[in-house]
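Asker: Dropping the structure in here first, questions after.
The values are calculated or read from the model by the stated rules, or taken from the named source; none is laboratory data. Keep in mind it's a predicted model, so treat the numbers as computed, not measured. When we count neighbours, we look across all protein chains shown, and the Cβ atoms used for this are built from the backbone with ideal geometry, even at glycine. The protein model used for the area step is the full one, side chains on, heavy atoms only, and it has no ligands, DNA or RNA in it. Shrake-Rupley method; radii C 1.70, N 1.55, O 1.52, S 1.80 Å.
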Amino acid sequence: MSSLAEVSEVTTSSAVPLNPTPPVNSPPPATTPAQPAPQEQSLPASKDETKSAASSSKPEGKAAAKPSDSAAEATGEKPLTAKELKEKKKAEKAARRVQNKAEVPQAQQKPQNKPQQKPTKAEKQQQQKTHKKNASRSIVETVYVDQSGKQVKEVTKEGVEVVTLPAKDMGLVGLLHELELEQNEKKKKPIFGIDNAHVDVHPAILTLGMQINQRTISGSSARCMGFLLAIKRLIEDYTTPHDSSLNRHLPGQYLSHQINYITSARPMAVAMGNAIRWLKTEISKVSPDSTDEEAKNYLCDKIDSYIHEKLTAADEMIINTACSRYISDGDVILTFSKSQVVEKTLLEAHRIGKQFRVIIADNRPLFEGRNILSSLCQAGIDCTYIHLYTLDHAMSEVTKVFLGTHAVMADGALYSRSGTAETARAAQGAGIPVIVCCETIKFSEKINIDGVVNNELGHPDALVNTAISQAFPEPGYLHGWKDNKNSTASDFVYDVTPSDCVSMVICEHGCVTPEGVSGVLRVSGGVDR
């Protein structure tokens with residue numbers, strides 16, 4: 001037994017380890033530096049393979065630890081434990097990784113996928129500014145030029161349409177020009193004229209547009225009735241394309257061409273807008289299974305019923321109510337300019353035998369009051385014709401004020417011809433009731449805060465004309481006003497009368513206060529439906 005032990009000891013001590021592990025602090029050999037071993041990529045092993053590899057590696061690890069311990073004892077250093085060996089290998093692996101990463105060019109490195117971060121508040125504000133800047137490229141900018149041609153205002157924005165105007169048009173007048181440019185250029189309003197009309201525009205619409213543009217038809221009710229009658233003729237001559245249906249093609253581009261031509265002649269009236277919305281609703285109700293003749297007959301009957309209900313019968317109801325309740329013998333009634341329903345009311349009151357006198361106030365530049373003056377005088381009514389600047393003097397004998405209007409806003413304010421607001425203010429100051437005759441087709445769900453925005457601008461030369469006849473204009477004292485840099489002229493077609501100046505509104509539903517206009521709109525479900 002002793003001899004066998006001695007033989008085993010001699011064999012163990014004389015054995016040389018195959019891969020001796022050098023000490024941690026020992027310097028590398030002087031001959032050649034140690035090269036890092038190439039790493040081989042392998043697929044992940046299964047659980048059974050991992051367990052078998054672990055079980056087989058345990059005795060090898062113990063056997064490998066013995067030569068390292070004997071080498072450490074030969075050099076006189078303390079042998080490394082398993083934990084220290086693991087940490088050492090990890091450090092060497094990290095060093096090799098850093099060395100390989102340094103050798104790879106920076107351009108060939110794959111970018112790291114960073115998680116997307118939400119934009120900050122400052123970045124959102126910058127994006128909004130950029131969006132507004134891009135949207136502002138469609139804005140029309142005005143450059144003012146003095147007599148020498150020098151620009152008073154510089155425009156440095158890119159993509160901005162520039163319009164040159166004289167320097168005298170700055171300030172408030174410049175604001176008016178900006179409104180006109182916004183209504184015409186920015187909204188791409190088409191230029192009026194038969195040559196500029198679309199090929200699909202019906203001849204009846206062409207004729208109506210010329211009459212509206214030349215103010216042969218000027219009242220809002222007359223324009224609305226003329227438009228509906230022209231649309232009726234259009235529907236009678238309409239033919240549905242083969243690849244479409246009537247309820248899709250007619251209210252689409254085809255009807256839009258007619259409307260664009262009418263609005264190019266003059267801005268659309270509130271009554272016309274309500275009628276167009278009603279018409280599109282009725283067209284959408286047409287069944288796709290019905291023939292063209294049935295659909296056209298249905299729409300023509302609906303248009304006739306709408307004209308009778310909203311215009312003809314409504315006027316009769318307003319006339320009967322005003323004559324029976326608000327016109328008495330001995331009254332002195334004042335009216336401003338011309339209103340078709342007011343004119344019919346006064347003629348009907350005179351026909352039924354009531355004795356009263358009428359004062360007609362008129363204003364430049366249209367002098368529309370002359371038409372109602374001629375009609376009332378032919379009927380034998382005692383009339384007095386005055387100008388607007390003598391209104392306060394005439395109020396001393398007036399008992400009632402009857403007014404027509406272009407539209408009644410949702411808050412009870414009137415949107416009517418320029419001079420209506422002054423007439424209502426004068427009557428309110430004198431304590432005289434102001435009675436408005438208006439059909440509900442002119443009721444609007446909108447509100448006008450002032451008389452500048454959304455107003456219609458007439459031609460300034462009409463204000464300059466001081467002649468009695470429009471056919472023979474006389475510039476008078478304002479001759480050559482365009483050449484004077486300190487003079488300007490603006491013609492507002494409409495003004496806004498506050499609701500507190502109105503006592504009563506007579507419509508086909510009866511008499512309502514200005515505060516009750518919104519109630520009529522709510523009960524009727526909207527005038528356009």
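Asker: How much accessible surface does His509 have with a 1.4 Å probe, in Å² rounded to 10?
Answerer: 120
Asker: Peptides 262-269, 289-296, 92-99: what's the order by average Cβ count within 10 Å, highest mean first?
Answerer: Numbers: 262-269: 19.6, 289-296: 13.5, 92-99: 11.4.
Packing proxy ranking, top to bottom: 262-269, 289-296, 92-99.
Asker: Right, here's the next one. Please turn the phi angles of segment 326-337 into ³J(HN,Hα) values with the Karplus equation 6.51 cos²θ - 1.76 cosθ + 1.60 (θ = phi - 60°), one per residue in order, whole Hz, x for glycine and proline.
Answerer: These are the phi-based 3J(HN,Hα) values: 10, 10, 10, 5, x, 6, 10, 9, 10, 9, 10, 6 Hz.
Asker: Place the peptides 229-236, 248-255 in order of packing, highest mean first, counting for every residue the other Cβ atoms within 10 Å and averaging per peptide.
Answerer: Working: 229-236: 18.4, 248-255: 16.6.
Packing order, densest peptide first, comes out as 229-236, 248-255.
Asker: Order these peptides, 331-337, 79-85, by their mean beta-carbon neighbour count within 10 angstrom, highest first.
Answerer: Details: 331-337: 23.1, 79-85: 13.0.
Most protected by this proxy first, the peptides run 331-337, 79-85.
Asker: What is the set of long-range amide H partners of Leu80 at a cut-off below 5 Å, with H atoms built 1.01 Å from backbone N?
Answerer: none
Asker: Quote the relative contact order of segment 189-311 in percent (integer), defining contacts as alpha-carbon pairs under 8 Å separated by 6+ residues. Can you show the working numbers first?
Answerer: On the way: 103 pairs, mean separation 45.1, N = 123.
Here the relative contact order equals 37 percent.
Asker: What are the ³J(HN,Hα) values, in whole Hz, obtained from phi via the Karplus relation 6.51 cos²θ - 1.76 cosθ + 1.60 with θ = phi - 60°, for each residue of segment 204-221 in sequence order, with x given for Gly and Pro?
Answerer: Once rounded to whole Hz, the list reads 5, 5, 4, 5, 5, x, 5, 5, 5, 5, 8, 6, 5, 10, 10, x, 5, 5.
Asker: Give, in nm to one decimal, the length gained when the segment between Asn484 and Asp461 is fully stretched (0.36 nm per residue of separation minus the Cα-Cα distance). Could you put the intermediate results ahead of the total?
Answerer: Values: separation 23, 0.36 × 23 = 8.28 nm, distance 1.45 nm.
Here the answer is 6.8 nm.
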